[in-house]
1. Quick check: Cα centre of segment A:305-378 to Cα centre of segment B:277-318, how many Å?
2. Put +1 on the Cβ of every Lys and Arg and -1 on every Asp and Glu Cβ in the protein assembly as shown; which of B:Gly515, B:Leu454, A:Thr330 then has its Cα farthest towards the positive end of the dipole?
3. Looking at chain A, send over the antiparallel percent of its DSSP beta bridges, to the nearest 5.
4. Suppose every K and R has +1 on its Cβ and every D and E has -1 on its Cβ; what is the size of the dipole of the protein assembly as shown about the Cα centre, in Debye to the nearest 20?
5. For segment B:325-472, compute Rh as the Kirkwood radius over C-alpha pairs and then the Stokes-Einstein diffusion coefficient at 25 °C and 0.890 mPa s; write the answer in µm²/s, rounded to an integer.
6. In whole Å, what are the Cα extents of segment A:134-178 along the three principal axes, biggest one first?
7. If the viscosity is 1.306 mPa s and the temperature 10 °C, what translational diffusion coefficient in µm²/s does Stokes-Einstein give for segment A:141-293 when Rh comes from Kirkwood over Cα pairs?
8. For B:Asp272, place a label point 7 Å from Cα along the Cα-to-Cβ direction in every copy; what are the distances to the other copies, in nm, shortest first?
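Just so it is clear, none of the values below were taken in a lab; they were calculated from the coordinates. The structure presented is a predicted model; accordingly, all values stated were derived computationally and were not measured. Quick reminder, even Gly has a Cβ in these numbers, built from the backbone with ideal geometry, and neighbours come from all protein chains shown.
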Number of protein chains: 2
Amino acid sequence: MKDFGIVQKISRPFRANPRLTNILLVVAVSGGGYVAYAQANSDSDLISSSAPDVERKKVVVLGTGWAGTSFLRSLKNSSYDVHVVSPRNYFAFTPLLPSVTCGTVEPRSIVEPIRNIVRKKKIGFQFTEAECLKIDAKEKKVYCRSNLENGEKEFVVDYDYLVISVGANVNTFNTPGVMENCHFLKEVEDAQKIRKTVIECFEKASLPTVSDEEKERILHFAVVGGGPTGVEFAAELHDYVNEDLVKLYPGVKDKVKITLLEAGNHILSMFDKRITEFAEEKFRREGINVKTGAMVTKVDDKQITTKEMKTGEISTMPYGMALWSTGIGTRPFIRDFMNQIGQANRRVLATDEWLRVEGCDKVYALGDCATINQRKVLEDITAIFSKADKDKSGTLTVQEWKEVINDICERYPQVELYLKNMQMRDIVDLLKETKGASATKSVELNIEDFKTALSKVDSQMKMLPATAQVAAQEGAYLASCFNRMEKCEKYPEGPLRFRGEGRHRFHPFRYKHLGQFAPLGGEQTAAQLPVLPGDGVSIGYSSQWLWYSVYASKQVSWRNRGMVISDWVRRFIFGRDSSQI
Amino acid sequence: MKDFGIVQKISRPFRANPRLTNILLVVAVSGGGYVAYAQANSDSDLISSSAPDVERKKVVVLGTGWAGTSFLRSLKNSSYDVHVVSPRNYFAFTPLLPSVTCGTVEPRSIVEPIRNIVRKKKIGFQFTEAECLKIDAKEKKVYCRSNLENGEKEFVVDYDYLVISVGANVNTFNTPGVMENCHFLKEVEDAQKIRKTVIECFEKASLPTVSDEEKERILHFAVVGGGPTGVEFAAELHDYVNEDLVKLYPGVKDKVKITLLEAGNHILSMFDKRITEFAEEKFRREGINVKTGAMVTKVDDKQITTKEMKTGEISTMPYGMALWSTGIGTRPFIRDFMNQIGQANRRVLATDEWLRVEGCDKVYALGDCATINQRKVLEDITAIFSKADKDKSGTLTVQEWKEVINDICERYPQVELYLKNMQMRDIVDLLKETKGASATKSVELNIEDFKTALSKVDSQMKMLPATAQVAAQEGAYLASCFNRMEKCEKYPEGPLRFRGEGRHRFHPFRYKHLGQFAPLGGEQTAAQLPVLPGDGVSIGYSSQWLWYSVYASKQVSWRNRGMVISDWVRRFIFGRDSSQI
């Protein structure tokens, strides 16, 4: 290798095992140059960096869903080498999947190759289309398998940091027959399959050999789960049938039936009551059969068995196509990983508030595959008290209180939530409640008073929902931590460590709920957005336009945006296609 | 049923066996009405027509390709009940399939549901998504099977007229391994699969475990067949790789190779020599490896074996993906049908010039599945002579000649072609050649002279190529015959029947070649169109724009047109997508 004064950037081909010890460092020295050789074994991988730099850390990201992609998009620190491993080489804008099922939007419009998303970033980047089989947190290795060539091509990837963002499986709650007979709506392929199946049902029902009774069965579309996905699919399907298919299948149009099954008492239960009522009323009016309070206990190839939650009554209904849109489950290799790191008893992979997986080092988990295990105030109550009691007097003054309350609120967001929900302005109100109305600023709290004051706040802890919004915010948050890793090492910005010394490096992750939409078909959408005036609820045609603009603006690329908008325009002009491809 | 004077139109649901004897005829009589009952069995199908009509004839159309769809689009006569049976419920604009393989155009943009194409027509129409298994020409029945529900759903369809337009199979010429290892490009699904495979090859080559040699193999794309499809695919792929993929796969871009294999001496041999040369030169310049004079003798899963046509030398080349784009074959059930009707020795199903299948009644075949078996002049020479020799003098005068020459030219188009090719203005020139330069208008021909005069014309007979253009013209021609069936029965418009009495009902089918395009990539196209000034050849950017406008205008619906054009625009702006869906 030539010896030169100007530092050269060599694009380094990644290897399966590019340990960071095997580095040929090209160090620039003003006035002349020399080459520092630091090769630990026979591996001849080259790496160079643009400064007398420390080792480049290798970040392995598993998955290209909302969390992983959001992390990649926000990552700006060029001192990492990022290796993304995912069975899909693209990001999919999943909230539009229900639209894809009926051809309102084309599948290709909502996907973007992950290489394209990262292309213009100045980070070392490699993508491998493979599935993760196993994580070895001790050795910092990930075992992967490529499904591309005739099955078995396994390999190992080392990491310095691991970001797990593999999303979730479907969860059938062990209901027999669901896996075999139901459609799901988690991947683009699922949506494509549903679209094909809907048309197939119409073609089947048009066969000359099919009896009327059979026609009715074939054209009965059952949707299990009254959440936003199920509701939106039912609404889309209803529009598709009534706006497009009835014209082409006039002989069978009267036989079509759509049933929405929900085990709870209402559909869209996570929304405001008015939205639920509006949706149920709209569906009823349009002939979509909403059956609440009924749990699916079995799915055969031609009939669904349900059980009334109240009466226990069992009944069956013949169906042609069923969509299972309820429940999320843990992927098998994540389950193995949880056993390995002592989380065997947990339902979902747990992280702390900084998205670090509990029980191992430098492993992060975000999105649907993980959940943030919020620290309870009562667990730490003694540590908090002693940290706050600066003068070690055994009692807390209001002044001492005020000094730590911000840290407490940041570290334990449930405290802030509790104050807000109890309509207390500040900590003094909490004191007043504890010590009675006579409490004044001079009141001091001992440890027992303190426990009483904070005894109820933990009830405010809530799990974050498994939504794209949460995943995206987590990804962006983690990237911002990675971007400032070194800086925050020196100047920590987080809250006080109540159980340790100093401060936490970063602020903990805080989710900001921006609201939620539920498209109800017929160009009407229900929206529940904090930014809206009043109580944030809006239902109708205007929300549909809001929905259009929000969904268009949230696309990850201009290509997606252009494609999705032009799909909408094409649908307005030409309707939805019904070719069986 | 009520008895009324006004004729009611009842839309009749088709049945598997709606024999035309089971008809409830509602006959309108002025001043009062009565119902004529003509029910032969317990079947209660209803039919009514808008006049004291004859039976409605049932036309069964097999296939929804170019020929079948063109027939349906041109059919205007409302006195038919049309039943279309096809495994695909849509028409696909196949000339754009090579564009679909690389995402220049989306698959859904080039398809249109057949129901939508026929929807606004006033013909009785039914579509069944099924494959034809067997034709029984004696009993006038077609045996079909639906592939929709778990395989075996067989049924029988009766017909009065049968239109066979099922297209062709691929033909591997029994080359071992082709079926298992090659891609084809006949259906939309094929194009989608190719698109996915191209990306898969790039992802495979990017796996960390793959050696450099293996990378080169995986990224070697082989195209077998130097016809327009193969050439266009190679060009599209080259554009896709160089305009889009190199940016996303910088690590492997230098390993990509495209090879075009052709057994003949030149690619695009059906085009003008200049086009061939231009294409070969362009490909060479761009690094597309054109290997002519080499026949593929075997395709293994990782290598292709070829044999030099001249030297017999055998060589092998490793490959990652192969497209087989040469040869068309006969579908098995058509082969069975040919055996049944005495065409066992033929290569392709033969029809006469009116597209009627030889050897059976009221069966028509068009498109790639059939070929027109042109009648030889020499076969009929005696009949022609005696018909022309009106005064039975044993000799033909120029006057007698002139009276029949139009009929001869129409019935035997090779005569006209011969005259044109020999640069003879009219029949007198032919006489002159036969009798020597001294021949004048008074010359008379005996039967031997006549035979001599016409002895060479049969050499002008040519098989029509298996193209979309031929199929579409045949479909439109057949529909025009069906539209005027009754009228032409009374007033035949065709040429004299030389072997029978009177005239043929219709003019025979005559193909009008409108020209052909060969897109060569990089926004350049070769065009050979008779309408172009000079010799009709044009190559370059301007032809590409001609290609865009012709292909846009030829779409079967405004939806297709809008979609295809907007796909082109999207590709110009955003490039082609490389998500592996």
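1. 55
2. The listed residue farthest towards the positive side: B:Gly515.
3. Numbers: 46 of 82 bridges.
Among the beta bridges of chain A, antiparallel pairing accounts for roughly 55 percent.
4. On the way: 160 positive and 148 negative charges, 260 e Å.
In total the dipole reaches around 1240 debye.
5. Numbers: Rh = 17.4 Å.
Estimated diffusion coefficient is 141 µm²/s.
6. In descending order, the Cα extents are 40, 28, 15 Å.
7. Working: Rh = 18.5 Å.
In µm²/s, the coefficient rounds to 86.
8. Result, one decimal in nm: 7.0.
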